[in-house]
Every structure is written in structure tokens, then in C-alpha cells.
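Undergrad: Before I ask anything, here is the structure I am working with.
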Amino acid sequence: MRILVIEDEKKVAGFIKTGLEQESYAVDVAYDGTEGENFAQVNEYDAIILDIMLPKKSGFEVLKELKGLGVKAPVLLLTARDSVEDRVKGLDLGADDYLTKPFAFEELLARLRVLMRRGGYGAAPLKFADLSLDPATRKARRGDTDIELTVKEYALLEYLLRNPNRVLTRTLIAEHVWDQTFDTETNVVDVYINHLRTKIDKDSPKKLIHTVRGVGYVLKEE
Ligand code: CA
């Protein structure tokens, strides 16, 4: 899952980015309204966290333009003032929810989960064949065996499980699991797929992660 944070306060942006990365999200940060708008148009995000008070373009302007362009990612507005007017204006412009600063990180996480659930990302365990992944415990299970995953392995497996039987290119995988600093020249995707295979497929006669030569990978039963 990839999140865009549009926030000019470096400290707040850094706090959100670090916290979300620990939860396996890939996070891009834009530090002004114009940059944020560009990012949101170029990349596909699962959610956007948008501050109202921004240099160059306000959060309201950004919101209006993104909705006008048909960007579908749910938007969580951050407002510094506990102003009813701001909230109403934001919701009128199409924001999905808002959070008043300062906020507890746990609350931000909870709001994001609600937004993404509405967008079809459930909190129920993801299942495919005898493999399951539980977003609550962040553990995978193959047959009767519990499997511990690192943050990136979790994100990668989650993406595969949300797209079973679909061939996923390295580019698609990188876009959803890594942030914009990802270097497409590297073989990081292959390396992590191999980590996952070792944990998930190695001890089972039925392999689930398959290579599509020259293209990418697919989660399927043979
Ligand atoms: Ca701000």
C-alpha cells in the first residue's frame, strides 16, 4: 500500500512517514501543494494525507484539482486549527475525513484503516490456497505453520494476495510496495520475492509464487 503525505512541516511529515513505514506502507512526501499535486497525478496511491496550510497551493486547492482530475485515492485532511469552517469546506470539496493537529499517531492509523476499508481494503485475513495473511497480527500462515515476516515482506505478500492469478510486473510491484526513491535498475524486487519464496513455498510441495519469465510474478495454484 502506498501513501502520499503532502505536508510542509518537515517534522510532522517525517513523523508520519517513519510511523507508516513501520506499518509496512510505502510513503512519498511532498512539501508543497504543487509538488503534491504532481505526485498524485503521476503515481497511484491508496490514500493521500493532505495538510491544509501549504506553500504554493493550499490543501483546499490541491483537493479541488485532484477531485476534478478524477484521482480516486481517499483523502485525509490535516487541519491545524480546530475550525468547523475548515472541516466543512474540506468535506464539501470531497475530502473523505479529517484529523486535527496535533494528533496521536494511533488515531491517524485508525482513520487510514477506515478509509482504505471503504476503498475495498478489508481488515479480514487475506487468503489464497492454504496461505493466509492477517493484517491484525501481521503474520502469515501456510498450512499449520506460522510465518514471521519483515515489514517489506509483509507489504509484498499483501500486494500479491490482493491480486491473485494476475501477472504483476516488477514495475507494478515496485510502485505499490516501494516509494519513489526506489531504483528501478536494481533487482530488489527479485531479492524480496526470493525471501518470500523461502518462507512460504520452500517447505510446501505446492508452490504459489511463480515467475513469468521476462515479465514478473504471479500468485497462483498450478
Ligand atoms: Ca502546513
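Here, each number is a calculation from the coordinates, and none is a lab measurement. The structure presented is a predicted model; accordingly, all values stated were derived computationally and were not measured. Here the Cβ positions follow ideal geometry from the backbone for every residue, glycine too, while neighbour counts run over all protein chains shown.
Undergrad: If the chain between ASN43 and THR150 were fully stretched, how many nm would it gain, using 0.36 nm times the residue separation less the Cα-Cα distance?
TA: So the extension gain works out to 36.0 nm.
Undergrad: GLU221 to GLU107: FRET efficiency via 1/(1 + (r/R0)^6), r the Cβ-Cβ distance, R0 30 Å, to the nearest 0.05?
TA: Values: r = 40 Å, r/R0 = 1.33.
That gives a FRET efficiency of 0.15.
Undergrad: Modelling each spin label as a point 7 Å along the Cα-to-Cβ direction, I'd like the LEU91/LYS206 distance in nm, to one decimal.
TA: For LEU91 paired with LYS206, the spin-label model returns 4.7 nm.
Undergrad: For a footprinting-style exposure proxy, rank ASP144, ASP28 by other Cβ within 10 Å, fewest first. Let's see the in-between values first.
TA: Working: ASP144 6, ASP28 21.
Exposure proxy ranking, most exposed first: ASP144, ASP28.
Undergrad: For Cα pairs less than 8 Å apart in space and 6+ apart in sequence, what is the mean separation divided by the residue count of the chain, i.e. the relative contact order in percent?
TA: 16
Undergrad: Can you list the residues, at least 5 places off or on another chain, whose amide H is less than 5 Å from the amide H of VAL27, using H built in the peptide plane?
TA: ILE3, ASP179
Undergrad: Out of all DSSP beta bridges with both ends in the chain, state the antiparallel percent to the nearest 5.
TA: Just about 50 percent of them are antiparallel.
Undergrad: At a 10 Å Cβ-Cβ cut-off, how would you order HIS210, HIS176, fewest neighbours first?
TA: Arranged by neighbour count, lowest to highest, HIS210, HIS176 become HIS210, HIS176.
Undergrad: Order these by the 10 Å Cβ neighbour count, fewest first: ARG118, ARG111.
TA: Least to most surrounded, the residues fall as ARG118, ARG111.
Undergrad: So what's the angle, to the nearest 10 degrees on a 0 to 90 scale, between helix 188-200 and the longest Cα principal axis of the chain?
TA: That helix lies at roughly 60 degrees to the long axis.
Undergrad: Turning to a different aspect of this structure: Can you give me the long-range amide H partners of TYR98? Hydrogens built in the peptide plane at 1.01 Å from N, cutoff under 5 Å, separation of 5 or more residues or another chain.
TA: For TYR98, the qualifying residues are LEU77.
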